[in-house]
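Since the structure comes first, as structure tokens, the remarks are kept for the end.
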Amino acid sequence: MKIAVCISGASGAIYAKRLIENLKEHELFIVISEIAKKIFKDEIGIEFDEFMINFKAKIYDNKDFSSPLASGSFKIDACVVVPCSVKSLSAIASGYAENLISRCADVCIKEKRKLILLVREMPFSSIHLENMLKLSNLGVTIMPPCPGFYYKPKTIEDLVDFVVGRILDQLSIENNLFKRWGW
Ligand SMILES: Cc1cc2nc3c(=O)[nH]c(=O)nc-3n(C[C@H](O)[C@H](O)[C@H](O)COP(=O)(O)O)c2cc1C
């Protein structure tokens with residue numbers, strides 16, 4: 001699959017890290033905002049560029065509108081914004097495509113392609129909720145990272161893998177990252 005992973009400036013860089021690690025067999029196109037790079041370094045402890053050395057992914061600057069991701073003529077199967085800040089959520093909900101992340105999401109919406117937003121904020125304001133509802137009604141998958149606890153997670157990695165496993169489910173990618181209910 002061709003998958004765009006867009007990383008915006010919300011807490012939860014570990015979700016992006018773990019998702020990328022689990023998409024090794026796929027063609028990856030990565031965009032990360034400036035603030036997201038800083039958060040990645042703060043939360044993970046290594047520079048994003050250093051982490052990405054191990055992967056074949058194509059990485060684009062968030063201002064690079066010459067990237068193929070900026071055009072609907074370039075076919076991708078899905079885009080995941082992980083984590084998705086409420087600022088990026090707002091830009092996507094209003095079609096204000098002033099950077100490559102919001103443009104890539106905007107293209108997915110207009111081309112009716114799979115778009116998944118891991119919106120991270122707490123609590124949500126009515127503005128955030130309205131933006132999420134608007135996008136959900138357009139077919140966008142809204143999945144704030146809310147791990148379940150029925151499989152008795154022991155570690156942070158268990159919690160993260162539950163969320164990442166559910167993203168992979170949404171992408172129809174087989175995975176055993178978490179214990180499913182009833183198994
Ligand atoms: C350490 C740190 C953590 C942040 N966490 C969040 C968050 O969880 N959710 C959120 O919506 N914004 C968060 N922000 C604020 C966003 O980074 C800010 O609104 C920024 O403009 C988002 O830009 P981007 O979506 O283009 O990356 C955080 C900022 C910092 C510095």
>> Students often check this: by mean Cβ neighbours within 10 Å, which of 148-161, 109-122 ranks highest, and how do the rest follow?
In response: 109-122, 148-161
> What ranking do 7-15, 139-147, 32-40 get when scored by the average of other Cβ atoms within 10 Å per residue, highest first?
Replying inline: 7-15, 32-40, 139-147
> For the stretch 84-101, in order, what is each residue's ³J(HN,Hα) by Karplus, 6.51 cos²θ - 1.76 cosθ + 1.60 with θ = phi - 60°, in whole Hz (x at glycine and Pro)?
Replying inline: 10, 6, 6, 5, 5, 4, 4, 4, 5, 5, 9, x, 8, 8, 8, 9, 5, 5
> Once amide H atoms are placed 1.01 Å from N in the peptide plane, what residues at a sequence separation of 5 or more from residue 84, or on another chain, have their amide H within under 5 Å of its amide H?
Replying inline: 118, 119, 120
>> For the pair residue 87/residue 154, report the inter-label distance in nm, with labels modelled 7 Å from Cα in the Cβ direction.
In response: 4.0
> Which of the aspartates and glutamates could a cross-linker bridge to residue 56, judged by Cα under 15 Å and excluding same-chain residues fewer than eight apart?
Replying inline: 21, 25, 27
> To the nearest whole percent, what portion of all C-alpha pairs in the stretch 1-73 is separated by more than 16 angstrom?
Replying inline: 46
> What does the accessible area per residue of the chain come to in Å², with a 1.4 Å probe and no ligands, DNA or RNA counted?
Replying inline: 52
> Could you give the length gained on full extension between residue 61 and residue 136, defined as 0.36 nm per residue of separation minus the Cα-Cα distance, in nm?
Replying inline: 24.3 nm
> Kirkwood hydrodynamic radius of the chain from all distinct Cα pairs, in Å?
Replying inline: 16.4
> Expressed as a rounded percentage, what relative contact order does the chain have, with Cα pairs under 8 Å and six or more residues apart?
Replying inline: 21
> Once you put a point 7 Å from the Cα of residue 110 and another 7 Å from the Cα of residue 49, both along the Cβ direction, what distance in nm separates them?
Replying inline: 3.2
> Using a cut-off of 16 Å between alpha-carbon atoms, which lysines can reach residue 75, once sequence neighbours fewer than 8 places away in the same chain are excluded?
Replying inline: 2, 58, 110, 112, 114
> Name the residues of the stretch 80-116 whose amide N is less than 17 Å from a point 7 angstrom out from the Cα of residue 172 along the C-beta direction?
Replying inline: 80, 112-116
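The values are calculated or read from the model by the stated rules, or taken from the named source; none is laboratory data. Keep in mind that what you see is a predicted model, and the values were worked out from it rather than measured. Virtual Cβ from ideal backbone geometry, glycine too; neighbours counted across all protein chains shown. Protein only, heavy atoms only, side chains kept; ligands, DNA and RNA dropped before computing areas. Shrake-Rupley method; radii C 1.70, N 1.55, O 1.52, S 1.80 Å.
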